[in-house]
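The values are calculated or read from the model by the stated rules, or taken from the named source; none is laboratory data. Nothing here was measured: the structure is a model prediction, and the numbers come from that model. Here the Cβ is made from the backbone with ideal geometry for all residues, glycine too, and neighbour counts use every protein chain on show. To get the accessible areas, we keep the full protein, side chains included, count just its heavy atoms, and leave off ligands, DNA and RNA. Shrake-Rupley method; radii C 1.70, N 1.55, O 1.52, S 1.80 Å.
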Amino acid sequence: MKTDEPIAIELFCTHLGVEHTFVTAMQERGLVEITVIEQRRYIDPEQLPRLEKLARMHYDLEINYEGLEALSHMLERMEALQDELTKLRDRLGRYEDL
């Protein structure tokens, strides 16, 4: 699902075969942001990969909402550490070239 426009929650749920309550639960836990436009709920396209990943973990791996919340925070932390490691390696590489 690739687009630059907000995606209607109904379309997302139909496309992935997930329940609307799942998306609402992810919003309530602060894992995704939902925009309301003219009484319809939408998700920003940038959040689609994250929501799709959460949906797969919940439906395929049967991880409960609390587990998804913990995993999401852990994955964010790991990504931040990976970015930091990459930057440090780049800086170190510059000094090694001297």
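Have a look at Glu5, Glu19 and point out the one that is among the charged types (D, E, K, R), under 17 Å from Tyr65 (Cβ atoms) and either open to solvent by 70 Å² or more (accessible area, probe 1.4 Å) or touching a residue at least 40 places away in the same chain (Cβ under 8 Å) (or both).
Working: Glu5 fails: under 17 Å from Tyr65 (Cβ atoms).
The unique qualifying residue is Glu19.
Can you tell me which of Leu48, Leu92, Leu75, Leu68 is aliphatic (A, V, I, L, M), part of a helix (DSSP H, G or I) and at pLDDT 95 or above?
Leu68
Each row is one residue, and each column tells you yes or no for (1) open to solvent by 40 Å² or more (accessible area, probe 1.4 Å); (2) in contact (Cβ under 8 Å) with a residue 40 or more places away in the chain; (3) in contact with a Lys or Arg (Cβ under 6 Å, 6 or more places away or on another chain).
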residue	(1), (2), (3)
Val23	no, no, no
Met26	no, yes, no
Val36	yes, no, no
Pro49	yes, no, no
Leu54	no, no, no
Tyr65	yes, yes, no
Ser72	no, yes, no
Asp83	yes, no, no
Gly93	no, no, no
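With the requirement that a residue be surrounded by 14 or more Cβ atoms within 10 Å (Cβ to Cβ) and not aliphatic (A, V, I, L, M), what does segment 38-47 give you? Write out each step before concluding.
Step one: filter segment 38-47 for residues surrounded by 14 or more Cβ atoms within 10 Å (Cβ to Cβ), giving 41-45, 47.
Within segment 38-47, Arg41, Tyr42, Asp44, Pro45, Gln47 qualify.
Within segment 17-45, restricting attention to residues that are of a type in the set (Val, Ile, Thr) and part of a helix (DSSP H, G or I), which residue is nearest to Leu75 (Cα to Cα)? Step through it out loud before you land on a result.
Within segment 17-45, the first condition is being of a type in the set (Val, Ile, Thr), and the residues that meet it are 18, 21, 23-24, 32, 34-37, 43.
Still in the running and part of a helix (DSSP H, G or I): 21, 23-24.
On the way: Thr21: 23, Val23: 19, Thr24: 21 Å.
Taking the candidates together, the pick is Val23.
Quick one: Ile34 ticks every box in (1) at pLDDT 95 or above; (2) within 15 Å of Leu11 (Cα to Cα) except a single one, so which number is it?
Ile34 satisfies every listed condition except (1).
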